[in-house]
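> Can you read through this structure? Questions will come right after.
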Amino acid sequence: MSSPVENSSAWRLEWNDSLSVYIPEIDVEHQRFIRLVNGLNEALIGRMEAGEIRKRMQALMDDAAAHFAHEQRLFAEWGYPAAAEHAEKHAVIMQALEGIMGRFESGGMDYEWVEAGLKIKKVLIAHLLHDDMKYRDFHLASGGGSPGQAS
């Protein structure tokens, strides 16, 4: 039986149309975020230097914060009724990312990084497939795009 580190497919997240929210600018941001998660996990699998892992983790956190703020501005424009609940989920994700970064900064163990890399991927998938699909459905029902506009 191979370990998660040996099975690199367990670490990669690939974009596909099932992840689309049919808002081109948000899909582009989601695709960039997926690339950042994959890049972080490549650094972890490859046991790159701590400075490189830290740089990739910081880029992921910065991107997440900017993306979440953008989504929340859109929610305000649309009058999205679940905006506050969605913003709370963004805050929980950011706290999780900050916690992972804090453990890294304090010199966490290698196995903790393996676990953290997979946790980040899992959290991202869950958020995209559940929470973001709720605002996608709201936006589509409000006449804001169509499934034919997937990126």
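What follows is calculated from the coordinates using simple rules that are stated; it is not laboratory data. All values derive from a computational prediction rather than experimental measurement. So basically every Cβ, Gly included, is an ideal-geometry build from the backbone, and we count neighbours across all protein chains shown.
> Using 0.36 nm times the number of residues separating residue 115 and residue 42, minus their current alpha carbon distance, what extension gain do you get?
This chain segment gains 24.9 nm when fully extended.
> Moving to a separate point now. Nearest 0.05, what FRET efficiency do residue 137 and residue 52 give at R0 = 35 Å with Cβ-Cβ as r?
0.35
> Give me the distance in nm between label points sitting 7 Å out from Cα along the Cα-to-Cβ direction at residue 12 and residue 28, one decimal.
For residue 12 paired with residue 28, the spin-label model returns 2.5 nm.
> A further question follows. Rounded to the nearest 0.05, what FRET efficiency do residue 82 and residue 35 give with R0 = 25 Å and r taken as the Cβ-Cβ distance? Could you check?
FRET efficiency, residue 82 to residue 35: 0.35.
> May I pose another question? Applying a 10 Å radius around every beta-carbon, put 19-27, 52-60 in order of their mean neighbour count, most first.
19-27, 52-60
> List the pair-distance distribution P(r) of the stretch 51-141, using every Cα-Cα distance, as the percent of pairs falling in each 5 Å bin from 0 up to the bin containing the longest distance, rounded to whole percents.
3, 12, 23, 23, 15, 11, 8, 4, 2, 0
> Remind me, relative contact order of the stretch 23-143 in percent, using alpha carbon pairs under 8 angstrom and six or more residues apart?
After rounding, I find 32 percent.
> What does the charge add up to near residue 101, with Lys and Arg as +1, Asp and Glu as -1, over the other residues with Cβ less than 15 Å from its Cβ?
-2
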